[in-house]
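K.L.:
Sharing a structure with you now.
The values are calculated or read from the model by the stated rules, or taken from the named source; none is laboratory data. Quantities reported herein were computed from a predicted structural model and do not represent experimental measurements. As a convention, Cβ positions derive from the backbone with ideal geometry for all residues, glycine included, and neighbour counts pool all protein chains shown. To get the accessible areas, we keep the full protein, side chains included, count just its heavy atoms, and leave off ligands, DNA and RNA. Shrake-Rupley method; radii C 1.70, N 1.55, O 1.52, S 1.80 Å.
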Amino acid sequence: MKPIILLTGKNGQVGAELLRLLPQVGEVVAFGHDQLDLSNPADIRRTIREVRPQLIVNAAAYTAVDQAETDETTAQAVNTHAPGLMAAEAKKIGAALIHYSTDYVFDGTKKAPYDEIDSVNPLNVYGKTKFAGEQAIRDSGVPHLIFRTAWVYARQGRNFLLTILRLATEREELRIVSDQVGAPTCAFEVAAATAKILTSIRDRNDGVFVFSEVSGTYHMSAAGQTTWYDFAKTVLEKAGATSHIPQWLAAATKERPLIARRLVPISMEEFGSPTDRPAYSILSNSRLIQTFGVALPDWHAQLQCCFVPDSIAANRGAD
């Protein structure tokens, strides 16, 4: 019998990819926001007690960074209290928990990749609530894997990749931040790495998810680094060079031509965001590689995979 996996955030960027890949690992019972309101503690308790999973994979989060500054109550409910409650309920039934966190727990003042043991200092409400969620999980004592990732994008949802493509059909000039450094990470790669790790743990432990020897926090992001400006430039180059237009790209552009001719690099200050963000948030993935033998591809390679024909994309990650 396959172990039961309770997946939250099934309609999100990472959640949608997990929904496609996790059935290879176990029997998935998945919930989106419409079925499970993470701001409602009673809803969380009832769902976990009814499903009684062996593993909870929490791919849901409040990710609207700017909006969180004026909606801290909701951000705290979803990013802090909900993971803590999931952890407490999981511990009661002997389940394990996987949770995703963010590079925004750091302040960006370091000049070398951040390790898991580096001090955190989130600059905004989003980062603060995500780190508090991590702490709630750790304090619960539940067996867990917390995967911190960065600059996540996907072929669906709301993200930088899709925004740049849309804007490139509307404007001849795009002004893009060039002094924020990170590693754009494709949601598919996060889900694929998660599935690979879970499969390995399950197969080593007679079909059971035993996290006792590996429980902890791990960085899981693309290799390499870039800026938003260079990422945008690369996105438009690849979109312009694509001969077989994938469905997601046609939807992102509404089948309109790219008219952007100039990309202008600007500073974060010039951009004028109401929210502080880390200027440098590269994560070291060494612990992930050493513990699980899993390494995510370079960000260039990840982006290239988004532009493959639909027939190839549909089979990625399949047995």
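K.L.:
Report the residue count in the range 254-304 for those that are touching a Cys at 6+ places or on another chain (Cβ under 9 Å) and open to solvent by 40 Å² or more (accessible area, probe 1.4 Å).
P.N.:
Filtering the range 254-304 down to residues touching a Cys at 6+ places or on another chain (Cβ under 9 Å) leaves 296-297, 299, 302-303.
Next, only the ones that are open to solvent by 40 Å² or more (accessible area, probe 1.4 Å) stay: 297.
Selection size over the range 254-304: 1.
K.L.:
So, one more: Which residue out of 92, 128 is within 22 Å of residue 4 (Cβ to Cβ) and modelled with pLDDT of 95 or more?
P.N.:
On the way: 128 fails: within 22 Å of residue 4 (Cβ to Cβ).
Result: 92 is the single residue among 92, 128 that is within 22 Å of residue 4 (Cβ to Cβ) and modelled with pLDDT of 95 or more.
K.L.:
In addition: Please count how many residues of the range 283-318 are closer than 28 Å to residue 240 by Cβ, modelled with pLDDT of 95 or more and outside any helix (DSSP H, G or I).
P.N.:
Total satisfying the criteria: 3.
For (1) out of contact with any Pro (no Cβ under 7 Å at 6 or more places or on another chain); (2) in a helix (DSSP H, G or I); (3) within 24 Å of residue 215 (Cα to Cα); (4) polar (S, T, N, Q), each residue gets a yes or a no:
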residue: 28; (1), (2), (3), (4): yes, no, yes, no
residue: 37; (1), (2), (3), (4): yes, no, no, no
residue: 43; (1), (2), (3), (4): yes, yes, no, no
residue: 61; (1), (2), (3), (4): yes, no, yes, no
residue: 82; (1), (2), (3), (4): yes, yes, yes, no
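A quick yes/no check of all residues on (1) of a type outside the set (Asp, Glu); (2) within 22 Å of residue 176 (Cα to Cα); (3) in contact with a strand residue (DSSP E or B) (Cβ under 6 Å, 6 or more places away or on another chain):
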{"position": "226", "(1), (2), (3)": "yes, yes, no"}
{"position": "242", "(1), (2), (3)": "yes, no, no"}
{"position": "268", "(1), (2), (3)": "yes, yes, yes"}
{"position": "279", "(1), (2), (3)": "yes, yes, no"}
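K.L.:
Does any residue in the range 198-211 that is among the basic types (Lys, Arg) come within less than 9 Å, Cβ to Cβ, of a residue that is part of a loop (DSSP other than H, G, I, E, B) six or more places away or on a different chain, and which pairs are these?
P.N.:
202/3; 202/25; 202/26; 202/208; 202/209; 202/210; 204/210
K.L.:
Hey, another quick one. Can you tell me which residue is surrounded by the most Cβ atoms within 10 Å (Cβ to Cβ) among those in the range 7-23 that are out of contact with any Leu (no Cβ under 7 Å at 6 or more places or on another chain) and either touching a residue at least 60 places away in the same chain (Cβ under 8 Å) or among the aromatic types (Phe, Trp, Tyr) (or both)? Before the answer, list the steps.
P.N.:
Looking only at the range 7-23, we keep the residues that are out of contact with any Leu (no Cβ under 7 Å at 6 or more places or on another chain), and these are 9, 11-14, 16-17, 20-21, 23.
Among the residues that remain, those that are also either touching a residue at least 60 places away in the same chain (Cβ under 8 Å) or among the aromatic types (Phe, Trp, Tyr) (or both) are: 12-14, 16-17, 20-21.
On the way: 12: 24, 13: 24, 14: 27, 16: 21, 17: 25, 20: 19, 21: 21.
Top of the filtered list is 14.
K.L.:
Which pairs do you get when a residue that is in contact (Cβ under 8 Å) with a residue 40 or more places away in the chain, found in the range 237-248, comes within reach of a residue that is open to solvent by less than 60 Å² (accessible area, probe 1.4 Å) and part of a helix (DSSP H, G or I), reach meaning Cβ atoms under 7 angstrom, with the pair 6+ apart or on two chains?
P.N.:
Close Cβ pairs (under 7 Å, with a partner that is open to solvent by less than 60 Å² (accessible area, probe 1.4 Å) and part of a helix (DSSP H, G or I)) amount to 238/303; 239/165; 239/249; 242/249; 246/310; 246/313; 247/310.
K.L.:
Could you grab me the full set of residues in the range 271-297 that are within 25 Å of residue 109 (Cβ to Cβ), out of contact with any His (no Cβ under 9 Å at 6 or more places or on another chain) and in contact (Cβ under 8 Å) with a residue 60 or more places away in the chain?
P.N.:
Answer for the range 271-297, where residues must be within 25 Å of residue 109 (Cβ to Cβ), out of contact with any His (no Cβ under 9 Å at 6 or more places or on another chain) and in contact (Cβ under 8 Å) with a residue 60 or more places away in the chain: 271, 273, 274, 275, 276, 277, 278, 279, 280, 281, 282, 296.
K.L.:
Now for a separate question. Within the range 223-244, work out how many residues are assigned to a helix (DSSP H, G or I) and of a type in the set (Gly, Ala, Ser).
P.N.:
Applying the first criterion (assigned to a helix (DSSP H, G or I)) to the range 223-244 yields 228-241.
Narrowing further to those that are of a type in the set (Gly, Ala, Ser): 232, 239-241.
Here the count works out to 4.
K.L.:
Additional query: Quick one: how many residues across the range 24-44 are of a type in the set (D, E, K, R) and either closer than 16 Å to residue 94 by Cβ or open to solvent by less than 40 Å² (accessible area, probe 1.4 Å) (or both)? Lay out the reasoning, then the answer.
P.N.:
Restricting attention to the range 24-44, the residues satisfying the condition of being of a type in the set (D, E, K, R) are 27, 34, 37, 43.
Within this subset, residues satisfying the condition of being either closer than 16 Å to residue 94 by Cβ or open to solvent by less than 40 Å² (accessible area, probe 1.4 Å) (or both) are 43.
Residues meeting the conditions: 1.
K.L.:
Checking the conditions here, which among 222, 195, 191, 183 is closer than 20 Å to residue 6 by Cβ, surrounded by 23 or more Cβ atoms within 10 Å (Cβ to Cβ) and at pLDDT 95 or above? Before you say what the answer is, go through the steps one by one.
P.N.:
Working: 222 fails: closer than 20 Å to residue 6 by Cβ; 195 fails: surrounded by 23 or more Cβ atoms within 10 Å (Cβ to Cβ); 183 fails: closer than 20 Å to residue 6 by Cβ.
Going through 222, 195, 191, 183 in turn, just one is closer than 20 Å to residue 6 by Cβ, surrounded by 23 or more Cβ atoms within 10 Å (Cβ to Cβ) and at pLDDT 95 or above: 191.
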